[in-house]
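Okay, so here's the structure we're looking at.
The values are calculated or read from the model by the stated rules, or taken from the named source; none is laboratory data. Note that the coordinates shown come from a computational prediction; the quantities given were computed from them, not determined experimentally. Methodologically, a virtual Cβ is constructed for each residue, glycine included, from the backbone with ideal geometry; neighbour enumeration extends over all protein chains shown. Accessible surface areas use protein heavy atoms only, side chains included; no ligands, DNA or RNA. Shrake-Rupley method; radii C 1.70, N 1.55, O 1.52, S 1.80 Å.
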Amino acid sequence: EPEVTQTPSHQVTQMGQEVILRCVPISNHLYFYWYRQILGQKVEFLVSFYNNEISEKSEIFDDQFSVERPDGSNFTLKIRSTKLEDSAMYFCASSQEGPVRKTQYFGPGTRLLVL
Amino acid sequence: AQTVTQSQPEMSVQEAETVTLSCTYDTSESNYYLFWYKQPPSRQMILVIRQEAYKQQNATENRFSVNFQKAAKSFSLKISDSQLGDTAMYFCAFITGANSKLTFGKGITLSVRP
């Protein structure tokens, strides 16, 4: 069964450094999303992406965040200058066109730790 | 504002028994979708079941079923014949037809006892 994959599974970085989190959505999916989950808290929406542009973003998704689909398979989240409070689990998700568009399938997550 | 409330922080059930996890939501939209996701200790988010608000029939997926009460804005998950592998955090989530973001509840920790 097709799955969303994410790399790396864990990343440790120093405050102020740039990180890029990578995702490979399910191949026939056209809608892509990033969410984060700070330890012990609820899952929060960051951004959605369709047709090579951001379709919706949350207040969390400020200027230090950016997303990109650099090729036909990858979808990336870049955090330009990491802060301690960016430490969280980051989930990529994807969904397909049509009546099931609202059903989002999640990857295994990247655990980011900012020191 | 759209909100999802899971008021029970944790529950425990004996293996092979049935358990129901509660969820309420609030929205002014008429077109929306509801989901339950499972997050085992590995922390992966796994889709368990989905329900379209326009469908009156409750969704069922094998041992998992929902009780969708639209007027009460309630969406509970019933797990029958609980298995040890059902031990996980369960999140209720909601999305409207107008936007693309899932709104999650705080989750409930379910422990299945052998």
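A few points about this structure:
- Cα centroid separation, the stretch B:25-92 to the stretch A:3-67: 24 Å.
- Around the Cα centre of chain B, unit charges on the Cβ atoms of Lys, Arg, Asp and Glu (plus for the first two, minus for the last two) sum to a dipole of about 220 debye.
- Å³ per residue enclosed by the Cα convex hull of the stretch B:48-114: 101
- Around the Cα centre of the protein assembly as shown, unit charges on the Cβ atoms of Lys, Arg, Asp and Glu (plus for the first two, minus for the last two) sum to a dipole of about 220 debye.
- Converting phi to 3J(HN,Hα) with the Karplus coefficients 6.51, -1.76 and 1.60 and the offset θ = phi - 60°, the stretch A:25-39 yields x, 4, 4, 9, 8, 10, 10, 10, 9, 10, 10, 9, 9, 6, 3 Hz in sequence order, with x at every glycine or proline.
- Around the amide H of B:VAL48, modelled in the peptide plane, lie the amide H atoms of B:TRP36, B:TYR37, B:LYS38, all under 5 Å away and 5 or more residues distant in sequence or on another chain.
- The loop-placed GluC sites (Glu not before Pro) in the stretch A:2-46, going by DSSP, that have at most 15 neighbouring Cβ atoms within 10 Å of their Cβ come out as A:GLU3, A:GLU18.
- Working from Cα pairs under 8 Å separated by at least six residues, relative contact order for the stretch A:23-115 is 32 percent.
- Among the listed pairs A:LYS78/B:LYS55; B:LYS38/B:LYS70; A:LYS42/A:LYS78; A:LYS57/B:LYS38; A:LYS78/B:LYS70, those beyond 31 Å (Cα-Cα): A:LYS78/B:LYS55; A:LYS78/B:LYS70
- If you wrap the stretch A:1-108 in the convex hull of its Cα atoms and look at it from every side, the mean projected area works out to 7.0 nm².
- Each of B:THR18, B:ASN67, B:PHE91 was scored by the projection of its Cα onto the charge dipole of chain B, and the greatest displacement toward the positive side belongs to B:PHE91; charges sit on the C-beta of Lys, Arg, Asp and Glu.
- For the pair B and A, total buried accessible area rounded to nearest 100 Å², probe 1.4 Å: 1900
- Expressed in Å, the radius of gyration and Dmax of the Cα atoms of the protein assembly as shown are 17.6, 51.
- In percent, rounded to a whole number, the relative contact order of chain B is 37, using alpha-carbon pairs under 8 Å and six or more apart.
- Area of B:SER22 that stays accessible when all protein chains are in place (1.4 Å probe, Å², to 10): 50
- Base-10 log of normalised Debye intensity for the stretch B:1-49 (one unit scatterer per alpha-carbon) at q = 0.15, 0.18, 0.22, 0.29 Å⁻¹: -0.58, -0.80, -1.07, -1.27
- Within the accessible surface of the stretch B:22-114, defined with a 1.4 Å probe on protein heavy atoms only, the carbon and sulfur portion equals 46 percent.
- Heavy-atom accessible surface of A:THR76, to the nearest 10 Å², is about 10 Å², with a 1.4 Å probe and all protein chains retained.
- Dipole of chain A, positive end: most advanced residue of A:LEU46, A:PHE106, A:GLN96 [Cβ charges, Cα centre]: A:PHE106
- Eligible aspartates and glutamates near A:LYS102 by straight Cα distance, threshold 20 Å, same-chain separation 8 or greater: A:GLU1, A:GLU3, A:GLU44, A:GLU53, A:GLU56, B:ASP26, B:GLU29, B:GLU52, B:GLU61
- A probe of 1.4 angstrom, applied to the heavy atoms of all protein chains, finds A:HIS29 with accessible area near 10 square angstrom.
- Signed unit charges on C-beta, dipole axis of chain A, positive-most listed residue A:GLN17, A:SER87, A:ASN28: A:SER87
- Dipole size of chain A about its Cα centre, with +1 on Lys/Arg Cβ and -1 on Asp/Glu Cβ: approximately 180 debye, rounded to the nearest 20.
- Qualifying chymotrypsin sites (Phe, Trp or Tyr not before Pro) in the stretch B:53-114, DSSP loop, other Cβ atoms within 10 Å at most 13: B:TYR54
- Accessible area expressed per residue, the protein assembly as shown, with surrounding protein chains retained (probe 1.4 Å, Å²): 49
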